[in-house]
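What follows is one structure encoded as structure tokens, with my remarks underneath.
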């Protein structure tokens, strides 16, 4: 079949919508409130609203407008489970996107699997959620992900520290959530593959304000860089603790450090921190610039709290939309099958182009070549390396 672009698909549905016809409901779930997670949740919702405005302006899909059913999981697993239950049982969604916290997603995702409703995780990067270890062999899998998972971020972080900056004396800091401990394990595995050992491994709790004790032990051990796995608020406290100690050492972390709250809370102490991301806003050109402009307009804000969460959610919804168009249906099983066998190249997306992003055996859309290093400079996320900025208009296909 000759491949077409998603733009052509949207145009095909123009004029086919009738106001009296019911909407197609898609769930959007994330921590719109919640300690250390609201930036991610707000951006999941904001990116979804950009998609909604664009698609419904073009006529919706299958002769119907799309309706987003938004649910706040508050970054709490029990709340996430209840909200997922409501999306499935009460709201009758045909698919869902979202989740920012792997601890919440891992508890709620099985509900979508049992209901045979496709879920595309668009921010939670931890764990192997699409693998579903308890899924019987040959059983259809309804859990997908459009996010640069932790393992890919860890590889980018150590490529930056070891390969590019030639630093091998590294301390690992992490929070005590499932996200933080999973990141720690990834770091230890990556270092082992490089014949390296962390000088120290230290942890902290959500809500901690002072990490000078942990960092003091890292400095005493001779660490020359910090690999950090935490949420934005606590990441900022690590940066401020380093500044308080007067210890200038490279700080490299996961995508959570790209969130606006990190820069807000860290202030000047955050400058120079580096973070592994799939999205950096472009000031002048291309799809990333256009998306950022649309985000601010649709959501009536001055900035995107988490560009990564917003962009990945937008892309996740574009893929769901395309799957519905391809199968000409809203049936969960057929949407799942279409996602696994997409016959169109998707170009009206933000993180990258998607050419067969999923298969029956692989439900992860993001590969390592789509993850780049960002750096906080003057309260803003920028490219850490000029070559990444120069190639930012090149949409990288999945490896």
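The values are calculated or read from the model by the stated rules, or taken from the named source; none is laboratory data. Please read these numbers as outputs of a predicted model, since none were measured by experiment. Cβ coordinates were reconstructed from backbone atoms using ideal geometry, including for glycine residues, and neighbour counts include every protein chain displayed.
Things to note:
Conditions (1) in contact (Cβ under 8 Å) with a residue 40 or more places away in the chain; (2) surrounded by fewer than 24 Cβ atoms within 10 Å (Cβ to Cβ); (3) touching a helix residue (DSSP H, G or I) at 6+ places or on another chain (Cβ under 7 Å), marked per residue:
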position: 247; (1), (2), (3): no, yes, yes
position: 255; (1), (2), (3): yes, no, yes
position: 259; (1), (2), (3): yes, no, yes
position: 268; (1), (2), (3): no, yes, no
position: 271; (1), (2), (3): yes, yes, no
position: 276; (1), (2), (3): yes, no, yes
position: 279; (1), (2), (3): yes, no, yes
position: 282; (1), (2), (3): yes, yes, yes
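- Among all residues of region 119-126, there is none that is touching a residue at least 24 places away in the same chain (Cβ under 8 Å) and surrounded by fewer than 21 Cβ atoms within 10 Å (Cβ to Cβ).
Rundown of residues vs (1) part of a loop (DSSP other than H, G, I, E, B); (2) more than 25 Å from residue 151 (Cα to Cα), yes/no style:
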| position | (1), (2) |
| --- | --- |
| 303 | yes, yes |
| 309 | no, no |
| 317 | no, no |
| 330 | yes, yes |
| 334 | no, yes |
| 356 | yes, no |
| 369 | no, no |
| 373 | no, no |
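- Failed condition for residue 114, given (1) in contact (Cβ under 8 Å) with a residue 12 or more places away in the chain; (2) not in a loop (DSSP other than H, G, I, E, B): (1)
- Filter result (more than 25 Å from residue 175 (Cβ to Cβ), surrounded by fewer than 24 Cβ atoms within 10 Å (Cβ to Cβ) and in the same structural domain as residue 323 (by TED's automatic domain parsing)) within region 133-164: 134, 135, 136, 137, 138, 139, 140, 141
- Residue in region 96-106 that is out of contact with any helix residue (DSSP H, G or I) (no Cβ under 7 Å at 6 or more places or on another chain), crowded, with 24+ Cβ neighbours inside 10 Å and either assigned by TED's automatic domain parsing to the domain that holds residue 22 or part of a loop (DSSP other than H, G, I, E, B) (or both) present: yes
- For the residues 68, 52, the requirement of being in contact with a strand residue (DSSP E or B) (Cβ under 6 Å, 6 or more places away or on another chain), modelled with pLDDT of 95 or more, under 19 Å from residue 300 (Cβ atoms) and assigned to a helix (DSSP H, G or I) singles out 52.
- Yes/no for residue 359 being over 17 Å from the mean Cα position of the chain (by Cα), modelled with pLDDT under 90 and farther than 17 Å from residue 62 by Cβ: no
- For residue 233, the stated conditions hold: it is in contact with a helix residue (DSSP H, G or I) (Cβ under 7 Å, 6 or more places away or on another chain), in contact (Cβ under 8 Å) with a residue 40 or more places away in the chain and buried (at least 18 other Cβ atoms within 10 Å of the Cβ).
- 1 or more residues free of Cβ contacts under 8 Å to residues at least 24 places away in the same chain: qualifying helices (runs of 4 or more DSSP H) within region 132-222: 178-193, 212-220
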